[in-house]
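In what follows, a single structure is set out as structure tokens and then discussed.
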Amino acid sequence: MATSARGRVTGVNGNMVNVRFDDKVIKNEVGYIHVGETRLKSEIIRITDGVASMQVYEMTGGIKVGDEVEFTGEMLSVELGPGLLTQVYDGLQNPLPDLAEKCGFFLDRGVYLSPLPDKEWDFTPTRKVGDTVLAGDSFGTVPEGIFTHRITVPFSLQGEWTIKAIADKGMHRSRETVCTIANAKGETKDLTMIITQPVKVAIKSYAERVMPDEPMVTKIRLIDTFLPVAKGGTYCIPGPFGAGKTVLQHLTSRNADVDIVIIAACGERAGEVVEILKEFPELTDPKTGRSLMERTIIICNTSSMPVAAREASVYTAVTMAEYYRNMGLDVLLLADSTSRWAQAMREMSGRLEEIPGDEAFPAYLESRIAEFYERAGKVRMRDGSIGSVTIGA
């Protein structure tokens with residue numbers, strides 16, 4: 001990991017740490033605060049007069065004035081590639097089963113593991129040397145469960161690129177080079193099956209957005225009759241605590257007419273998250289007759305975790321949803337719940353001493369949630385395939 005700049009802690013307020021820096025940094029850049037031998041992952045949320053306000057994704061106990069901070073020059077990102085399905089992650093895309101194996105029942109601070117295993121996949125090239133590709137174009141496929149997983153050009157690349165070399169059909173590791181591309185400037189890039197994508201940058205590598213015109217059949221008669229949901233649309237399940245919102249989401253995820261289900265437990269009670277982890281592997285998928293987890297991804301961020309990680313969890317989930325949407329698949333993203341995400345934003349806004357809006361929520365609450373919902377939608381890719389992201393919260 002490259003280091004772009006360094007700084008020193010000047011103040012701590014809950015999960016927010018102020019850092020004075022001398023070199024250039026940017027908003028939403030990731031940094032690591034050194035507490036002894038531990039490095040705590042953080043993100044810049046405001047820059048004022050040479051001081052960066054950073055939200056820390058871990059417990060901040062032990063941080064003191066003068067502690068060293070290293071900045072990475074990169075935004076908070078996730079890894080996208082084959083192997084995402086069936087995984088259980090935290091809000092920063094750390095695989096929780098692997099974390100539990102490494103740390104035991106009580107997770108240690110500052111432990112960050114690789115989200116995707118470096119395993120072999122049966123790669124089939126779909127392009128040849130000399131072909132021109134753009135960001136988001138597929139150049140190969142691998143089988144992932146019941147789906148054909150498209151291996152794509154990173155979404156952040158600009159302009160046209162020409163394929164200079166591509167791997168033959170056969171077994172290849174996910175982190176080995178399977179394609180080399182070059183642009184008109186003579187720049188070359190080696191591509192693997194795994195790409196890195198900033199979570200707060202919407203993936204827009206498609207031909208056009210199309211109008212959601214097809215219902216997402218949930219097989220729940222009351223919803224399909226009185227509150228139909230469109231594929232590529234959004235919907236909300238309001239209600240007080242204990243009213244059964246999470247139970248309804250579980251029913252929807254099992255029966256909805258979609259390909260991929262992504263559950264983002266954003267600030268949920270630990271008991272409900274445990275219920276998800278116990279029930280989903282036992283649920284039978286009506287489509288395949290096998291476990292529903294085979295086409296499910298779970299993002300866990302309980303209410304006992306630092307509030308800063310709640311925001312990360314919903315963005316991590318929607319970025320994964322956009323990734324599978326660009327393969328021409330229909331994805332259902334269940335964010336449970338946006339009210340606790342809003343509470344986390346209120347807490348961080350208070351620590352930033354921003355002028356509060358209604359009920360002390362930040363004035364930008366509505367626009368922030370609207371930006372999140374805008375990442376739902378139905379799109380047509382350049383190859384003609386159509387995929388969608390439906391968000392329920």
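Considering each residue of region 238-286, count those that are closer than 18 Å to V331 by Cβ, touching a residue at least 40 places away in the same chain (Cβ under 8 Å) and outside any helix (DSSP H, G or I), and give that number.
Within region 238-286, residues that are closer than 18 Å to V331 by Cβ, touching a residue at least 40 places away in the same chain (Cβ under 8 Å) and outside any helix (DSSP H, G or I) number 11.
Which condition number in (1) out of contact with any Phe, Trp or Tyr (no Cβ under 7 Å at 6 or more places or on another chain); (2) open to solvent by less than 90 Å² (accessible area, probe 1.4 Å); (3) part of a loop (DSSP other than H, G, I, E, B) is the one that D224 fails?
(3) is the only condition that D224 fails.
I'd like to verify a number: residues in region 154-200 that are within 18 Å of G136 (Cα to Cα), touching a Phe, Trp or Tyr at 6+ places or on another chain (Cβ under 8 Å), in contact (Cβ under 8 Å) with a residue 40 or more places away in the chain and assigned to a loop (DSSP other than H, G, I, E, B), how many?
5
If I filter region 7-23 down to residues being farther than 20 Å from E58 by Cα and in contact with a Phe, Trp or Tyr (Cβ under 9 Å, 6 or more places away or on another chain), which single residue comes out as surrounded by the most Cβ atoms within 10 Å (Cβ to Cβ)?
Result: F21.
Within region 2-20, can you find the residues that are of a type outside the set (V, I, T) and within 11 Å of E68 (Cβ to Cβ)?
Just the residues of region 2-20 that are of a type outside the set (V, I, T), to begin with: 2, 4-8, 11, 13-16, 18, 20.
Answer for region 2-20, where residues must be of a type outside the set (V, I, T) and within 11 Å of E68 (Cβ to Cβ): R6, G7, R8.
Would you confirm, using the coordinates I've provided, whether A321 is at pLDDT 90 or above, open to solvent by less than 10 Å² (accessible area, probe 1.4 Å) and part of a helix (DSSP H, G or I)?
Judged against the criteria, A321 is a match.
If a residue must be in contact with a Leu (Cβ under 9 Å, 6 or more places away or on another chain) and either open to solvent by 100 Å² or more (accessible area, probe 1.4 Å) or part of a strand (DSSP E or B) (or both), how many such residues does region 353-374 contain?
Number of matching residues: 2.
The values are calculated or read from the model by the stated rules, or taken from the named source; none is laboratory data. Quick caveat, the model's predicted, so the values are computed rather than measured. A quick note on method: Cβ atoms are made from the backbone with ideal geometry, for glycine too, and the neighbour counts reach across all protein chains shown. Surface areas here come from the heavy atoms of the whole protein model, side chains and all, with no ligands, DNA or RNA. Shrake-Rupley method; radii C 1.70, N 1.55, O 1.52, S 1.80 Å.
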